[in-house]
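Novice: Supplied in structure tokens, the structure appears directly below.
Bear in mind these aren't lab numbers, they're just calculated from the coordinates by the rules spelled out. Keep in mind the model is a prediction, meaning the values are calculated, not measured. Cβ: placed from backbone, ideal geometry, glycine included. Neighbour counts: every protein chain shown.
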Amino acid sequence: MRFVTFITFSLFLFSVTVFSQKTIKHTVVQGESIYSIAKKYNVTESDIYELNPKSKGAILQLNTVLIIPNDKKNKSKSVDKPSKKTSDVYEIQSGDSFYSIAKNNNITVKELKKFNPGVNPNKLQIGDIINLKKNKKSNSSNSESSQDNTNQSNSEYHIVSKGETLSKIAKKYNLKLNELIAFNNFTDSNIQIGQKVYLKKGSVLNNDKTIENTDITVVSDDDIEEADDSGEITHLVLKGETLSSVARLYNMKLGQIKELNPRVGDNLSIGHKLIIKKGKVATVIVEEDSIEEAAPMSDENLSKADQLIAIASENIGTRYRGGGKTQGGFDCSGLMCYTFEQLEINLPRNSASQSEIGKKIKRKNAQKGDLIFFTTNGRGTINHVGMITEVYDDDIKFIHSSVSSGVIISSINEAYYSKRFKKVVRVLND
């Protein structure tokens, strides 16, 4: 009997040892996601979800311990593999996207697209080679823009440079401003560095619409913020601040501020809001009975959500600008347009229109990457949008561009947003 017990115990120890050799433990730190962790260990998100099934669709909390595959076969493959970056080209790896490749190689997504005109960012294949710099064959001039602009009369398009406006471009190519607007189907005059402006007739816009001043700022769809009459006090986290220093600033005890902000750790993130004093929350009735239950997002869309959150979060602290959709300043819908465009997803230009696309879902089914809409204009119509970054019990965190504070992360449990909530929409549909 003792011999059988000894054999059983030995087999148990052996299986534990083998499993531990094939896996490693990772403790989640601030700012990490399943996507970033998978890239760190050169595994897929599905590998992580397989060993950590409870993490699928759940919020990744600080200090959570995840089991990560550590198969020696996989390790040897990654060791034997040549360097990802070889001179001016890059070999596609598992989990790569145009955004992650651009970020890791200190270039912009637009530059990456320009260097690889025949590559579809949504259909990257492992092992494919893409350019990280302009192809030398086409680089016949020292100036990047010379190829497009040398022979102005024969140019099909112009690449926008810093400081250029539509009127300057029209003048450069001896075109009328209305023609340039019509050729490009523009509805406003905002252009971005690196953008293509077509110089010949293609799809013609209604020429009755005339823009005389190309530096017009488009009227923002969210330039109204009602006064907060709830009595709530919030604090926007600045660089170097801690819970203790914020508590001292408001003559509070550390325990009090933790009670008001239960999910906030000691390491505060710049741009997050802390509740200092709770306000009066009015009960808002949102009709959701007719909305069907939404299934959880797929692993692929959860990965896209992580990328979108990372892109938007890079702009925390960027100032609010009415009609803005560039890193020089955003309005709320402009921030969403810019963020989703980096993954080749085009959204309508204003928040009301954005609220009509995708799939309307119940608040309890909300997940990161979903769009969340509010009314802040006093008329009950949708005029403000954010993107959900985290869902925990009855709390929803979302990133948005606020008129008063620029790009920040707020909570639906703040009195101001709680009573102005309208609906949640899922753009990342399967």
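Novice: Going by average Cβ density within 10 Å per residue, which order do the peptides 350-361, 381-392, 105-116 take, highest to lowest?
Specialist: Ranked from most to least packed, the peptides come out as 381-392, 350-361, 105-116.
Novice: Using the Cα atoms of the range 221-340 to build a convex hull, what is its mean projected area in square nanometres?
Specialist: 10.5 nm²
Novice: Which order do VAL29, VAL237 fall in if you start with the one that has the fewest other Cβ atoms within 10 Å?
Specialist: The order, fewest Cβ neighbours first, is VAL29, VAL237.
Novice: Over all directions, how big on average is the projection of the convex hull of the alpha-carbon atoms in the range 299-426, in square nanometres?
Specialist: One quarter of the hull surface, i.e. the mean projection, equals 7.1 nm².
Novice: How do 245-257, 408-420 rank on mean C-beta neighbours within 10 Å, highest first?
Specialist: Highest mean packing first, the order is 408-420, 245-257.
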